[in-house]
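Everything below concerns the one structure shown next.
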Amino acid sequence: MANATKDNKKVIYWLLTGCLLIFIMVVVGGITRLTHSGLSISNYKLISGTIPPMNEVEWQEAFELYKQYPEYQKLNNHFDLQDFKDIYFWEWLHRVIGRLIGMVFLIPFLYFLITKQLTKSTIKKSVVLLAMGGFQGFLGWYMVKSGLVDRPDVSHFRLAAHLTTAFITFAYTFWVALDLMFPNRKTIDIKFRNLIRIGLAVLLLQIIYGAFVAGLDAGFIHNFWPFMSEGKFIHETVYIEQSPVLKNFIEGKSGVQFVHRTVAYFVVAIIIMIWYKGKRLQPTSYQNRSLDALFVMVGLQFLLGVLTLIYHVPVWLGVAHQIGAFFLLAAMTFTLHRFTK
């Protein structure tokens, strides 16, 4: 088969479909977290778990199983069966989409492999993607497991690992698709490319701390902006909530929220710098679009973050803020790709 038939449009559509499904997965995951639905399914069945309870007997069995774990015993012992069904839906949907993503990645990959429609480079990248997807599924199970022992909540560290891996898997899938869509690249300023890489690193740090905030429910305190409380840029609980002091910034609600607030300013500043310097490099059409998308998205995401905080994290705003982070990462990935040799 001629090399021209390899890495064709069908392969690109396959990768972009994967990107779309990961996006949907992240959105549903955000709703699952914000509605406190993540511990509603306490067992993991890879195949049979795809089908939800189909009658009242099966629903009652699932509810009785839920009653055996800390979330029901310590927080939700007032729940009736209908309340349980409401939270069950979002976790079930989240898991089903995860299985669908696995099938959408694996089955077309095997087809393209057998029909020799992939170059060696794309095969290697696809294997990495499959490994990342499998690891993401493991982290999901590992996260849920942390909320089934003593605490009726998942570890915010495991939540951050699960969410960040999803974002990185999306970014890498998007990058592989961009490699096929734009095989020819323009030589650019190395220092500028490194600036974009720094921006990407800071953005990933911000995403991690966003997950910390979600995992600790830290968005429900200090609901003021630009100060953490009236007249105080740094609330005193930032330093005294945990001991030693360093733990405040990785385990304390106030400290984690303070870091998330502060890093947001750095993200905005770096992206403005990227936009300004990039415009001076006489960018191509796609480079120019990537810079503009990055500039618009960081402004929108910053606004969504502020609104989410001051309105005490309503579900729709919390989900919108997470979607904003997703599109901001996409814009950063696209910009880095367009300014890479």
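A single entry from Val263, Val313 fulfils the requirement of being closer than 28 Å to Ile31 by Cβ, among the aliphatic types (A, V, I, L, M), out of contact with any strand residue (DSSP E or B) (no Cβ under 8 Å at 6 or more places or on another chain) and outside any helix (DSSP H, G or I): Val313.
Restricted to region 214-234, and to residues that are within 13 Å of Thr262 (Cα to Cα) and either touching a Ser or Thr at 6+ places or on another chain (Cβ under 6 Å) or among the aliphatic types (A, V, I, L, M) (or both), which residue is surrounded by the most Cβ atoms within 10 Å (Cβ to Cβ)? Spell out the reasoning first.
Residues of region 214-234 that are within 13 Å of Thr262 (Cα to Cα), as a first pass: 225-228, 233-234.
Filter once more, so that each one left must be either touching a Ser or Thr at 6+ places or on another chain (Cβ under 6 Å) or among the aliphatic types (A, V, I, L, M) (or both): 228, 234.
On the way: Met228: 22, Ile234: 15.
Restricting to residues being within 13 Å of Thr262 (Cα to Cα) and either touching a Ser or Thr at 6+ places or on another chain (Cβ under 6 Å) or among the aliphatic types (A, V, I, L, M) (or both), the top hit is Met228.
Note on region 173-191: residues that are assigned to a helix (DSSP H, G or I) and surrounded by fewer than 16 Cβ atoms within 10 Å (Cβ to Cβ) amount to 3.
For Val245, the test of being more than 22 Å from the chain's Cα centre (by Cα) and surrounded by fewer than 14 Cβ atoms within 10 Å (Cβ to Cβ) is passed.
Does Leu294 satisfy being in contact (Cβ under 8 Å) with a residue 24 or more places away in the chain and over 25 Å from Ile168 (Cβ atoms)?
Working: in contact (Cβ under 8 Å) with a residue 24 or more places away in the chain: yes; over 25 Å from Ile168 (Cβ atoms): no.
Taking the combined requirement at face value, the residue does not satisfy it.
Out of the residues in region 116-138 that are over 18 Å from Ala161 (Cα atoms) and in contact (Cβ under 8 Å) with a residue 60 or more places away in the chain, which is nearest to the chain's Cα centre (by Cα)? That would be Thr122. Screening Arg95 with (1) over 17 Å from the mean Cα position of the chain (by Cα); (2) in contact (Cβ under 8 Å) with a residue 24 or more places away in the chain gives one miss only, at (1).
Readers should treat all values here as calculations from the given coordinates under stated rules, not as data from a laboratory. Just so it is clear, the structure is predicted and the values come from calculations on it, not from any experiment. Virtual Cβ from ideal backbone geometry, glycine too; neighbours counted across all protein chains shown.
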